[in-house]
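Everything below concerns the one structure shown next.
Rule-based calculations on the coordinates, nothing more; no lab input. Keep in mind the model is a prediction, meaning the values are calculated, not measured. Don't worry about glycine lacking a Cβ; one is built from the backbone with ideal geometry, like all the others, and counts go over all protein chains shown.
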Ligand code: XMP
């Protein structure tokens, strides 16, 4: 049994988006409510005929997506597919080679996933990683045995065939990251051993410079030379030229959006978040005024957020934007609501209603644009199939019985870092492209207890100070999120000669890769001191500031 954690990727939960940005969850909800159709074969924005792709057969490793990211860093398009994906689907991508991922199974377990026949029949290069290597050995006539000792963690790889194209420019010995239990006992016919570690005499096997098996994980950061190995595989072994660049993506994408949309009308919920911003810009560039963006201000945005977004989109890019100031309506809806989940639902439900009302005013609309990203596609693979047509919810006020919108998701094959590159290439300001994630319900879930206008104003002012000081200290990009929370605690203080009884503001700053886990940021004391000083001096009603020093888990990033 490979010792990789059997948990695989964490499941998507309703509060968290893998992109960490607000638009995905919000849009998915909108799409659901509006009876949106999922795209049939959403291959629009990916390689044209002369493109090339590496296909990862995903056996369920927690690192599978990482393999795809690393390959794309080599400027080669890469997609993850399930082992039962038919060849016809893969052939369309013009594959130049395959990578078999790791996974929690053991090749001898009944029903363990194996590589489909085309992996061997296509005669394309293959690289199996960990469980993927065991699959190769098992299917090609070698012998895999359950390891008596699990090998997990650092090991040193020694090359025995340094002239292999896989090892070009690699030192004779280098650290690697192991994570397996089963191991190869006997090589399949025609294979030779290429490298070893202390506990794995067959750490790398190969045949004809075309099929390779690696017992370690080249995709993780703990294997410092891993990127070079992947690069050698895709360029030297598979012969990829490396034409996956964001400018090629933009060109392809513009053409395919034009083809898909034709003369149709598109709507998009603009939020100021990077994904929705890039989607809007891309679609606007492709079909101009056929796109209308709806910007719902629920009144719980950060200070100057509305103005900032407007300046970019309407003034600089000349987009059609319907702006709705619904803050009064949201505030009314939130009166008396203190439970976090009820708050979240209240804001979400109201958002959809306002959006629908505005969409109806536009007339006939054909497409709803969404900022879905590749990790979200992978996470929710089971619900994004062409068959999963979502029914309109009749209990949502004002919705026509059957308002079927097609989804336009030009970013559905991109990772977040690629979206940022596209954003920059499209001319979006750095400030917007590098914006930290902000939750859909906005400041409502950062005000503990009932939301009132007074509290929103207090929090906006405190949040402004946090953001300002974090940016001044050049820490903004290093942090996943940094913000203020208005607690419902009041405490006694003294200002001048007067006793005060004011609110307690908490400051939260975290580092994270994907919001699934997070650590509290070790902010320098002087930055914390400036934040604290400025908040108590500049924000009326606040007389105490604390810093949240809990990680996730056991806490969450947001307080509600
Ligand atoms: P938690 O608090 O669950 O947050 O650790 C993880 C990430 O998700 C964001 N978040 C939300 N985003 N709607 C959203 O669109 C929500 O209701 C919501 N709640 C949390 C949070 O900001 C963090 O990036």
Q.
Using a Debye calculation, one point per C-alpha and no hydration shell, please list log10 I(q)/I(0) for region 306-361 at q = 0.21, 0.27, 0.29, 0.31 Å⁻¹ in order.
A. -0.86, -1.03, -1.09, -1.14
Q) Cα axis of helix 246-261 to longest principal axis of the chain: angle in degrees, 0 to 90, nearest 10? A) 70 degrees
Q | Value of Rg/Rh across region 50-237 [Cα atoms, Kirkwood radius] | A | 0.93
Q) If the chain between residue 338 and residue 241 were fully stretched, how many nm would it gain, using 0.36 nm times the residue separation less the Cα-Cα distance? A) 29.3 nm
Q: Could you compute the FRET efficiency for residue 143 and residue 475, with r as their C-beta to C-beta distance and R0 at 45 Å, rounded to 0.05?
A: 0.25
Q: Starting with the highest mean, order 177-187, 364-374 by the number of other Cβ atoms within 10 Å, averaged over the residues of each peptide.
A: 364-374, 177-187
(Q) Can you compute the FRET efficiency between residue 121 and residue 430 using 1/(1 + (r/R0)^6), with r the Cβ-Cβ distance and R0 = 60 Å? Round to the nearest 0.05. (A) 0.80
**Q.** Cα long-axis angle, helix 525-538 against the chain (0 to 90 degrees, to the nearest 10)
**A.** 20 degrees
Q) In which sequence would 64, 247, 271, 327 go, from the one with the fewest C-beta neighbours within 10 Å to the one with the most? A) 247, 327, 64, 271
Q: Show that you can apply the helix-only estimate: for the chain, add -39,500 (n - 2.57) for every DSSP H stretch of four or more residues, divide by all residues, and state [θ] at 222 nm to the nearest 500.
A: -9000 deg cm²/dmol
Q) Considering only the chain, what is the antiparallel percent among its DSSP beta bridges, to the nearest 5? A) 45 percent
**Q.** Theoretical FRET efficiency, 1/(1+(r/R0)^6), r = Cβ-Cβ of residue 84 and residue 345, R0 45 Å, to 0.05
**A.** 0.75
Q) So in region 417-560, what percent of DSSP beta bridges are antiparallel if you round to the nearest 5? A) 70 percent
Q.
If you average the alpha carbon positions of region 432-462 and of region 198-276, how far apart do those two centres end up, in angstrom?
A. 36 Å
Q. For the Cα atoms of the chain, what angle does the longest principal axis make with the long axis of helix 416-425, in degrees from 0 to 90, nearest 10?
A. 70 degrees
Q: Take each of the peptides 505-516, 157-168, average the number of other beta-carbon atoms within 10 Å over its residues, and list them starting from the highest.
A: 505-516, 157-168
Q) Quick one: which of 229-241, 333-345 comes out on top by average Cβ neighbours within 10 Å, and what's the full order, highest first? A) 229-241, 333-345
Q | More than 45 angstrom apart: percent of Cα pairs within the chain | A | 24 percent
